[in-house]
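Below is one structure; the comments refer to it alone.
Read-outs throughout are calculated quantities, based only on the coordinates presented, and are distinct from any laboratory measurement. Keep in mind that what you see is a predicted model, and the values were worked out from it rather than measured. Please note: Cβ atoms are built from the backbone with ideal geometry, for glycine as well, and neighbour counts cover all protein chains shown.
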Amino acid sequence: MAWETVIGLEIHTQLATRSKIFSGAPTTFGAAPNTQACAIDLGLPGVLPVLNRQAVVLAVRFGRAIEAEIAERSIFARKNYFYPDLPKGYQISQYELPVVGRGRVTIVLDDGSLKTIGVTRAHLEEDAGKSLHEDFHGLTGIDLNRAGTPLLEIVSEPDMRSAKEAVAYARKIHQIVRWIGISDGNMQEGSFRVDANVSVRREGEARLGTRTELKNLNSFRFLEKAITFEVERQIELIEAGSRVVQETRLYDPERDETRSMRTKEEANDYRYFPDPDLLPLVLDTAFIEQAAADLPELPDAKRERFRTAYGHTEYDASLLTANRELADYFEAVAAAGGDAKLAANWVNGELAAALNRDGREMTESPVSAEMLGGLITRIRDNTISGKLAKQVFEAMWNGEGDADAVIAARGLKQLTDSGEIERIIDAIVAANPEQAAQYRSGKDKVFGFFVGQVMKASKGKANPQQVNELLKARLKP
Amino acid sequence: MAYHIEPKPLHELTIAELAQRLRGGKLTSVELTHHYLERIKRLDPQLNAFVTVAADAALAAATHADARLARGEGGPLTGIPIAHKDIFCTRGLRTSCGSRMLDNFIAPYDATAVERLAAAGAVVLGKTNMDEFAMGSSNETSFYGPVKNPWDLDRVPGGSSGGSAAAVAARLCAAATGTDTGGSIRQPAALCGITGIKPTYGRVSRWGMIAFASSLDQAGPMTRSAEDAALLLQAMAGFDPRDSTSAEEAVPDYGAQLGTDLAGLRIGLPREYFGAGLDAGVAASIQGAIREYERLGARIIDISLPNSPLSVPVYYVVAPAECSSNLARFDGVRYGHRCEAPRDLEDLYKCSRAEGFGSEVKRRIMIGTYALSAGYYDAYYLKAQQIRHLISDDFRRAFEQVDVIMGPTSPTTAFPLGAKMDDPVAMYLNDIYTIATNLAGLPGISIPVAPVDGMPVGLQIIGDYFQEGRLLNIAHRLQQATDWHLAAPPEV
Amino acid sequence: MSLDRADVEKIAHLARLALSESETERYALDLSNILGLVEAMGAVDTAGVTPMAHPLHMAQRLRADEPTEPDQRALFQSIAPLTEEGLYLVPRVIE
């Protein structure tokens, strides 16, 4: 019996604002405990929230990036529950009327085909603080620095059918939020958190199976492993005649398994109602247009343009649009070097390898786009050979200056003077009469020997194409 | 031939009169503050109107005010001793909200209303007693014990701003602040024979005012005259960027409006405010005041607010729903009461809250929790918000016909202490005439009219949005023509 | 609508209020009476009526994204029941 997996994701991404969503406390990560929690964040008696404009701008920007409807009127609601990291006893969120409505993103599947994943909604809300479980004489410490940090909760449709699709979707959202600059997307610091709703059903069944919600998925790898484990667990349960219980499960990366959260058996009753301290958020066209005005060209559009304008393969285009810094870098290289194909090869090849080797970010590359473009220019005008170009790249990476400086300093300029090359060929042929005879008698393989000798004698600088042509002419029977 | 005129004692002077003397150098704020502190010391033990008296801070503020006055600075409130309802956060001074939960709470900041009155130079004598978290109509739910009505110590002063009302009526301060969620300024003002105005929702900032029901709460002054109320409201009102619900509406010069003639004023009398349940004596007293307005040139128009009988049911869903959420922050973790040696987290919450809150607060938290819970939200909360709309529409239609609406503030005079403590529903019905204005967000004022059996009666005047100036003027004109508002309770 | 002890216990748990046996009994009665008062709403036809959450027809104002709040931890924690190393302490939270 074949099983179908159904996955929907809820992604919480912290918005890159300077102050909190409802207070003027700073949002800097890593401050000493409770030094960035003001009276509002602490829920002192009598304090009131006022909404941060930038949080709204960033939410609208995201909505536009996923072609979603932006609500002209949205409402903040209170989600009521008691927890020590939730100072007011309620979280301000959006419930019935979120700021971002239905949207969609496209993911690339393993076979290269495209799939559209629906985004149900995205809403603004405040983050909670943190419980520190180190032992304070058997007590838990509460740090409320994070309380009130703006979050955008992005809820997908249950459109994903495998762990790999879920990861592709999560990566896509991650790419978008970083690309449009609304979040740093740092998963280690918790600025990008993914929860997965997972269920299984027999193939052909129209009804959804009972789902579980997976939490603590703080990397894409864990997301994939947790879903894989959970899907198997659910199938085994059902095949054994048992039932899946709707519950929240934590992923334990140490043991690579999900387990039920041992909270008291009680159905949550969040008692949502419109927050009377906040008024309806009303956005007019001008606000929405202004918020979306500085949206950069989006990754999908850019990928498509790279494919059509530069003739890149889907694969190359995808690699180059993995993040905005890389795509911008590539475009600058292509512009400076005048050859998009070569630019793509170098960016995806040597540069990517070097960054990877040294563990550097794109923005930390010692070789600027102009420098790499300069190198490509010298390849194109035959100043250097492709082989020597790699040496030049390494030298640039190590801080020896731009391509022209390295070529001059190391004397790597390609030898293109036919007379000079002919003189070298003459000397080599004269020194190897036996091999010359073999070639002339039909042993073509020996040709390679001569090319190698000439290149060696020219210290690799002779233009290989010219060497080929001139050698052929010289060795002609 | 010279007559010896007995000078009025300091505590009988209005704020305007006091301000004149302070400016003229005939009186210092320190003398005046001492005078009121002495009265509090002598009279408050019987009344229990104050929770906290801040004598040292008050004298320091008075000294500062005198220095300003000596330099010719300051305004009409500079050096005037007032009291704040203990619901307003006062930096460095305990803010208890009448609750054991906040018995140890020293607010780290000032409420906007407190800040503005301080900036105007008012001297704070202390914090007044109140129903716990402003939930009550008799001031009997306070952790600090009931407040007594200065007109009869066996009766309640009304609530929830009962301490402020009693303090102003007994001349323990020149004026006081109050808050009104369902009548909590107007009803105690009526029962204690003083003037109290609940402004339009959004007129006075709610920042620093401990929330009971956020969409209904509004702060206002409680004074001995409309003229004094105008002076206080002038300082308290205005836009505050810290409160999202604060109105960005210019504050008119209330004092300048006090001279307006009432000829042609259209007064609406809603038949629902004069029906069953209204004490006959109170009704007669209200009719007497209305005849007085007719003499002043007003026209009387009978109107109807058909949905007003629903205001009590609607209120007892909306207010508890909001309070159940507003009071969730009191959990024993960051401030306030924390129980001894909790077994676990749940025990910490449940015991701290059970010990910290009194029974009326718990009752309302539970009603509100129930009204918002899964399966009941539509039938209770949503339904109430819909009827709230109908109630608001009643007023909108009425104000197409009339300029103001008048009626009794409360159906009876002050009732005996303990009379309604065991019957929450009977207690709730006490606010039947005041609640609708909170639901609609309209301004309302209560002023003293002819007493019944020696106990004060309040006339309520309801205006259209942001018509506080008009209400104050209408109240002032009556106080110019009559002297009901001058009656003082016997010295206890 | 009348509430029984079990209803009251459930509500008290949601609201995190510890109630004694006799209080539960008492509140069951009180809350039922209050709900009786509230019941009058049921008779009103509210079909098509927009719920009114706020008295004034205003829209949410937006604040500039500026950090304006200084660190006041010492002041805020001076009124806290139990803190250590700048953290608020609560009985162990089990996850």
*Given charges at beta-carbon only (K, R positive; D, E negative), |dipole| of segment A:115-165 in Debye*: 300 debye
_What distance in nm separates the two pseudo spin-label positions at residue A:73 and residue A:110, each 7 Å out from Cα along the beta-carbon direction?_
4.9 nm
*Within segment B:336-376: backbone nitrogen closer than 12 Å to the residue C:5 label point (7 Å, Cα to C-beta)*: none
*Calculate the spin-label point distance for residue A:416 paired with residue B:294, positioning each point 7 Å from the Cα along the beta-carbon direction, and give it in nanometres.*
11.2 nm
*What percent do you get for the relative contact order of chain B when only Cα pairs under 8 Å and 6+ apart count?*
17 percent
*asked:* Rounded, prolate or oblate for segment A:3-290? Axes are the square roots of the Cα gyration tensor eigenvalues, ordered a ≥ b ≥ c, and the cut-off for rounded is a/c under 1.5.
replied: oblate
*For segment A:173-293, just list the percent of Cα-Cα distances falling in each 10 Å bin from zero outward, please.*
10, 27, 28, 22, 10, 1
*When the Cα centres of segment A:393-471 and segment B:7-22 are compared, how far apart do they sit, in Å?*
110 Å
*segment B:278-353 to segment A:52-81: how many Å between their Cα centroids?*
34 Å
_Cross-link pairs beyond the 24 Å C-alpha cut-off, checked among A:164/A:341; A:390/A:456; A:79/A:225; A:115/A:225; A:302/A:341; B:85/B:148_ = A:164/A:341; A:79/A:225
*Contact order relative to length of chain A, as percent, for alpha carbon pairs under 8 angstrom and 6 or more apart*: 14 percent
_Let me spell out the model: positive unit charges on the Cβ of Lys and Arg, negative unit charges on the Cβ of Asp and Glu, origin at the Cα centre of the protein assembly as shown. What dipole size does that give, in debye rounded to 20?_
1800 debye
*Distance (nanometres) between label positions extended 7 Å along Cα→Cβ at residue B:55 and residue A:381*: 9.4 nm
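Run the dipole for segment A:297-410 about the Cα centre, Lys and Arg Cβ at +1, Asp and Glu Cβ at -1, nothing else charged, and hand back the magnitude in debye, nearest 20.
So the dipole magnitude of segment A:297-410 works out to roughly 360 debye.
Determine the calculated [θ] at 222 nm for the protein assembly as shown from helices alone, applying -39500 (n - 2.57) to every DSSP H run no shorter than 4 residues and normalising by the residue count; nearest 500 deg cm²/dmol.
Computed ellipticity for the protein assembly as shown at 222 nm equals -11500 deg cm²/dmol.
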_List the aspartates and glutamates whose Cα sits under 17 Å from the Cα of residue A:443, skipping any in the same chain fewer than 8 residues away._
A:434
*By residue number, which cysteines of chain B lack any other Cys whose Cβ falls under 4.7 Å from their Cβ?*
B:89, B:97, B:173, B:192, B:323
*Any idea how far the Cα center of segment A:98-175 sits from the one of segment A:23-38, in Å?*
23 Å
